[in-house]
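Working notes, beginning with the structure itself.
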Amino acid sequence: MVTIPVQLFTATEEHDIPLRQVHEKDGSRVRLRHVCEAEDVEIPYAEITKGYEAPDGSMIMLSDEDLAELPLPSKKLRPSCPVSSRLRPPWPQ
């Protein structure tokens, strides 16, 4: 029998160097702010929502409920689709 020494290392050690965006002239940090284009004022995150820009340029705002109702192909297989019966697992659901 042969003995081979093995050394273990943790896989969770962080090797990234945290970099910041800084102003080249004086080295101060640069911060990103959410500014309303129409009012030119900073907007709190709580007042920010998702929106879709229509072809005519109007903005359609979407709520979390609207986004949850969007049909996603990965969410469910449609039973009316002829392919979906072949893709179902063989075990009972």
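The values are calculated or read from the model by the stated rules, or taken from the named source; none is laboratory data. What you see is a predicted model; the values in this text were computed from it and never measured. Note that each Cβ is placed from the backbone with ideal geometry, even for glycine, and that neighbours are counted across all protein chains shown. The accessibility values were calculated without ligands, DNA or RNA, using every heavy atom of the protein model including side chains. Shrake-Rupley method; radii C 1.70, N 1.55, O 1.52, S 1.80 Å.
Things worth noting here:
- Extreme residue, positive dipole direction of region 6-56, given options ILE43, GLY27, VAL6 (C-beta unit charges): VAL6
- With all protein chains kept in place, the per residue accessible area of region 2-75 amounts to 107 square angstrom at a probe of 1.4 angstrom.
- Order of exposure, largest accessible area first, which applies to ASP26, ASP64 with probe 1.4 Å: ASP64, ASP26
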